[in-house]
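Q: Structure provided below as structure tokens; questions to follow.
Quick note: the coordinates plus some simple rules give every number you see, no bench work behind them. Small disclaimer: the values here were computed from a predicted structure and weren't measured. Here the Cβ positions follow ideal geometry from the backbone for every residue, glycine too, while neighbour counts run over all protein chains shown.
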Amino acid sequence: MAALAIAAFAGATQILDTYSMNVLVRSLLYAMVALTVDILWGYLGILTFGQSTFFGIGAYAAGLVFMHVGFSPGTAVLALAAGIAIAVLVAAVVAWLAFWHGASELYASVITLVLPIVATQVIFSGGTWTGSSSGLSGFETFDLSIEAWFVLAGSLLAVATAAAWVVMASDAGRLIVAIRENEQRCKYLGIGTARLKSIAFLVSAALAAVAGYVFAGYAAVVAPELVGFVFGTELVIWVALGGRGTLLGPVIGTVLVDYESAQLSGDYPFVWKLIIGLVFVAVIVALPRGFLPILGDGLKRLGRWVGLGGKTTARTATLVTAARRTVATASDGPAIRIRGVAKHFGSLPVLRGIDFEARAGELVSLVGPNGAGKTTLMRCIADGSERSGGTIEIGGVSIGRLPPERCVALGIGRKFQMANVFDSLTVAECLQIARTRIDRPSLVRRSTELALPGPAARVVATTGLDQRLATPARLLSHGQKQALELAMVLALEPKVLLLDEPTAGLSKAERMLIGGILTDLATQERLCILLVEHDLDFVREISSRVVVLHQGRLVLDGTVEEVVGSETVKQIYAGAGHHGAPAEAAR
Ligand SMILES: Nc1ncnc2c1ncn2[C@@H]1O[C@H](COP(=O)(O)OP(=O)(O)OP(=O)(O)O)[C@@H](O)[C@H]1O
């Protein structure tokens, strides 16, 4: 398709007049930057106003080098390399600030909003060297015909769009959708989301810089507006108009709007911006998804109406068993060791001096009244940055202050209280995302195999999910979603499985099914399972040991019989043991 598009651009040079081609070179290069905004905003959910700055960096690299050093093949290569390198460097700083400090999505938008303002000030302060507010012009540049520039700009856009299309249709594209939809779940599946977002941000910056470099080479002029906030916002508007998350929509939208703007600004110099503004408001209100999705829906309806194009059959992956990779925890050491773990929120202590160990093959239930600190303890085990004090070791290795994705690499798998899956992805895709840490996703193709380790495959088979691999997760029942999340966590091949109320909201039959699966996982697969549970009958049926928490302290650690017959537990649950339960006596 890219080759066809390039041929079409070459053919168009025979039809278009010089004026149109002149305007279109700019529009095509702007569309390339809009494409990068679409990748970041439409696919990854990072609303960025700063892509203009990377375009401007590429343009100014050409302008400054050609103006002050002179133009030659050597300096042309130097300027391109410098433009890309500086853009990537600046993008790395922005990505570090925006994605690496537990920052919210708003952070990235605010930082990319500030970036063009800072960049414009830097150019203003550059005096005659940068041309200040007038920019740089009159430098020598490539001696190419307008037809050649047109085909070059069109080819760059075609290749960039095709490459983005291939990536978005690959395993990596599916991962990008998963990150946008549920970044927290991705982190707890061992996926370094900050790293992946940073890579996408750096690649987008480099692409924008290339477009800016070509623009400066073609126009032989650079101005502060190219790096500025207004252009950065216009890019966002063009993407919204075309239809974010569609690739072709923003590309076509940008070319059309920019080309029309050029016409209108000639015919109606004072009102053209107002017209564009009104169109934008009208589209956002009436067509929030932009033009292309609406056009696509209309074409599909038309196709069905004239009898073309039947039902689309969902592609689904074939289930296969993954080769066994991890060896069960050595039997001589505990799978998890917790020493003196404490957690406080401000001055409120929630966990105090928690000590316990659990071995491979044990199913330990954590029980206690509401607010005892059970979920907080789970959070401290799965994320090294959560606890206020104490140490936690998995298979003899301390989790230190590691973030959740690194704790997964040590062997922790966490299932949340509320089923936490990817609603827009199918069952098979959710499971494939869960395998990302182990089966590296391809950048160029979508795998048709779903390789699951034995325990995950068994959960999928016993809960009937194998019959629903092509069903979007949002259409599953509550019980099936819980089972899917359990299978996703097992797909990580964990050593220690953390389950927060896995049977909440399930029917009796579903509870028994999950109970049977969990005891099998402990006894046959030798997994160490820590389970938070309120249903004491369920706890009694499946646990090999029970740990009781009360007011942030561990008050009892024993067998099911010891705990069920304990006076302490009766007092706690009757609400009588509130003032310092007798921990020592109970142990
Ligand atoms: N982010 C927070 N900020 C302040 N206090 C918190 C925070 N998260 C939890 N807490 C408090 O910590 C205590 C323990 O909460 P936690 O959710 O761990 O209890 P739990 O035993 O899991 O209760 P439940 O059985 O109801 O889920 C509660 O008093 C809760 O209000």
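Q: Identify the chymotrypsin sites (Phe, Trp or Tyr not before Pro) of segment 240-310 meeting these criteria: DSSP loop state and at most 15 other C-beta atoms within 10 Å of the C-beta.
A: Details: sites: Tyr259, Phe270, Trp272, Phe280, Phe291, Trp305; in loops: Phe270.
For chymotrypsin sites (Phe, Trp or Tyr not before Pro) across segment 240-310 that sit outside H, G, I, E and B with at most 15 neighbouring Cβ atoms in 10 Å, the list reads Phe270.
Q: Nearest-5 percent of antiparallel DSSP beta bridges in segment 403-541?
A: Values: 1 of 10 bridges.
Here the antiparallel bridges make up roughly 10 percent for segment 403-541.
Q: I'd like the Karplus ³J(HN,Hα) series for segment 395-409: coefficients 6.51, -1.76, 1.60, θ = phi - 60°, whole numbers in Hz, and an x wherever there's a Gly or Pro.
A: x, x, 10, 6, 7, x, 10, 5, x, x, 5, 7, 5, 4, 5
Q: Let me ask another. Given the rule -39500 (n - 2.57) for each run of at least 4 DSSP H residues, summed and divided by the residues of the chain, what is its mean residue ellipticity at 222 nm, to the nearest 500 deg cm²/dmol? Don't skip to the end; give the middle numbers.
A: Values: 24 runs with 316 residues, N = 587.
Calculated at 222 nm, the ellipticity per residue is -17000 deg cm²/dmol.
Q: So, one more: Determine, for Thr523, Thr471, the number of other Cβ atoms within 10 Å of each Cβ, and report the residues in order from fewest to most.
A: Fewest-to-most Cβ neighbours within 10 Å comes out as Thr523, Thr471.
Q: Of the listed pairs Lys300/Lys415; Lys187/Lys495; Lys187/Lys343; Lys197/Lys300; Lys343/Lys508; Lys343/Lys570, which have alpha-carbon separations greater than 28 Å here? Write out the running numbers ahead of the final one.
A: Values: Lys300/Lys415 40 Å; Lys187/Lys495 17 Å; Lys187/Lys343 22 Å; Lys197/Lys300 33 Å; Lys343/Lys508 35 Å; Lys343/Lys570 26 Å.
Flagged as over cut-off: Lys300/Lys415; Lys197/Lys300; Lys343/Lys508.
Q: With 10 angstrom as the radius, rank Ser365, Ser27 by how many other C-beta atoms surround their C-beta, starting from the fewest.
A: On the way: Ser365 25, Ser27 22.
Ascending Cβ contact count within 10 Å gives the list Ser27, Ser365.
Q: Counting other beta carbons within 10 Å of each residue's own, what order do Ile117, Ile176 fall into, fewest first? Could the numbers behind the result be given before it?
A: Numbers: Ile117 15, Ile176 21.
So the residues, fewest neighbours to most, are Ile117, Ile176.
Q: Then there is this: Which ³J(HN,Hα) values, rounded to whole Hz and listed in residue order, are derived for segment 16-28 from phi using the Karplus coefficients 6.51, -1.76 and 1.60 in 6.51 cos²θ - 1.76 cosθ + 1.60 with θ = phi - 60°, glycine and proline given as x?
A: My calculation for segment 16-28 gives 6, 7, 4, 4, 4, 5, 4, 5, 5, 4, 4, 4, 5 Hz in order.
Q: Please report the spacing between the Cα centers of segment 67-140 and segment 40-56 in Å, no decimals.
A: Using only Cα atoms, the two centres lie 14 Å from each other.
Q: In segment 374-434, if every C-alpha pair distance is counted and binned at 5 Å from zero, what percent goes to each bin?
A: 4, 17, 24, 21, 14, 12, 6, 2, 0
Q: Would you kindly derive the ³J(HN,Hα) couplings of segment 218-223 from the backbone phi angles with the Karplus curve 6.51 cos²θ - 1.76 cosθ + 1.60 (θ = phi - 60°), listing them in order in whole Hz, with x for Gly and Pro?
A: After applying 6.51 cos²θ - 1.76 cosθ + 1.60, I find 6, 7, 6, 8, 10, 9 Hz.
Q: Provide the FRET efficiency to the nearest 0.05 for the Gln417-Ala342 pair, computing r from the beta carbons and using R0 = 25 Å.
A: Details: r = 22 Å, r/R0 = 0.89.
After rounding, the FRET efficiency stands at 0.65.
Q: Then there is this: Considering only the chain, what is the antiparallel percent among its DSSP beta bridges, to the nearest 5? Mind dumping the intermediate values first?
A: Details: 22 of 43 bridges.
Taking every DSSP beta bridge with both residues in the chain, the antiparallel ones total about 50 percent.
Q: Please compute P(r) over all alpha-carbon pairs of the chain, binned at 10 Å starting from zero, and give each bin as a whole-number percent.
A: Taking all Cα pairs of the chain, the binned fractions are 3, 15, 22, 19, 15, 13, 8, 4, 1, 0 percent.
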